[in-house]
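J.: To start, I am sharing the structure in question, which I have written as structure tokens.
The values are calculated or read from the model by the stated rules, or taken from the named source; none is laboratory data. Values in this document were obtained by computation on a predicted structure and should not be read as measured data. Positions of Cβ are generated from backbone atoms using ideal geometry, with glycine treated the same way; all protein chains shown enter the neighbour counts.
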Amino acid sequence: MSECLIKYGAFDDVAPFASMAKKERVSMGNPADAVWLIAYVGNKLAGFVFQQFHLLRRTKALENVELPLIYSRKKDIEKSAATRLDSVGLTARAEHLPNEMSGGECQRVAIARAIVNHPELILADEPTGNLDSATSAQIMGLLRGLNKQGKTVIMVTHEPELAEYASHHLHMRDGIIDRIDEAGA
């Protein structure tokens with residue numbers, strides 16, 4: 001996972017979420033509470049698209065997408081997961097295990113899982129790295145649509161044509177944001 005997403009995903013420090021911790025009545029001094037806060041952020045507020053997918057190997061595509069819904073005790077789990085799986089074009093692969101799918105299909109299952117809980121923040125590490133150009137355009141359109149609905153999407157990519165979908169470009173050098181540009185500027 002990129003250094004940028006580690007920082008913004010609170011994988012190494014929960015301090016950026018201190019105000020949220022106060023709202024949720026969580027003590028930042030208690031390590032168990034800090035772990036809970038990271039889990040809370042990861043399940044309720046942020047959706048993570050990992051470059052390596054991190055799908056459960058013995059779990060069907062639909063069930064992988066259902067996991068965040070189960071952890072957050074949502075209703076209509078199967079219907080919500082099926083809708084998200086359909087949004088990435090994988091309805092026909094819902095009953096397949098990861099080893100029965102291509103890398104691109106696993107990538108799309110991971111994207112569906114990341115957005116199934118309607119997170120406010122989507123952190124995506126090379127979300128189209130295993131996709132062909134047509135499917136990449138479909139997924140980028142999905143992410144752009146979520147952004148237009150008010151969701152924040154932070155995406156790491158080394159592909160300039162994909163960066164063009166973004167409204168802002170953050171350039172990093174040696175783990176530090178070097179500059180921020182508005183798209184088209």
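J.: Read through the list (1) under 18 Å from the mean Cα position of the chain (by Cα); (2) in a helix (DSSP H, G or I), then give the number of the only condition that GLU161 fails.
T.: Of the numbered conditions (1) under 18 Å from the mean Cα position of the chain (by Cα); (2) in a helix (DSSP H, G or I), the odd one out for GLU161 is (1).
J.: If I filter region 167-185 down to residues being surrounded by 11 or more Cβ atoms within 10 Å (Cβ to Cβ) and touching a Leu at 6+ places or on another chain (Cβ under 9 Å), which single residue comes out as farthest from GLY141 (Cα to Cα)?
T.: ILE177
J.: Then there's this: Among the residues of region 73-97, which ones are of a type in the set (Ser, Thr, Tyr) and either closer than 14 Å to ASN117 by Cα or surrounded by 14 or more Cβ atoms within 10 Å (Cβ to Cβ) (or both)?
T.: SER80, THR83, SER87 - these are the residues of region 73-97 that are of a type in the set (Ser, Thr, Tyr) and either closer than 14 Å to ASN117 by Cα or surrounded by 14 or more Cβ atoms within 10 Å (Cβ to Cβ) (or both).
J.: For region 115-139, which residues satisfy the criterion of being in a helix (DSSP H, G or I) and either crowded, with 22+ Cβ neighbours inside 10 Å or β-branched (Val, Ile, Thr) (or both)?
T.: Within region 115-139, ILE115, THR135, ILE139 qualify.
J.: Taking region 27-72, which residues are part of a loop (DSSP other than H, G, I, E, B), buried (at least 18 other Cβ atoms within 10 Å of the Cβ) and modelled with pLDDT of 90 or more?
T.: Those that are part of a loop (DSSP other than H, G, I, E, B), buried (at least 18 other Cβ atoms within 10 Å of the Cβ) and modelled with pLDDT of 90 or more: LEU55, LYS60.
J.: Let me ask another. So, ILE177, is that one under 14 Å from the mean Cα position of the chain (by Cα) and aliphatic (A, V, I, L, M) or not?
T.: Here the answer is no, as ILE177 does not meet what is asked.
J.: What are the residues in region 140-158 that are hydrophobic (A, V, I, L, M, F, W, C) and assigned to a helix (DSSP H, G or I), if any?
T.: If the condition is that a residue be hydrophobic (A, V, I, L, M, F, W, C) and assigned to a helix (DSSP H, G or I), then MET140, LEU142, LEU143, LEU146 are the ones that fit.
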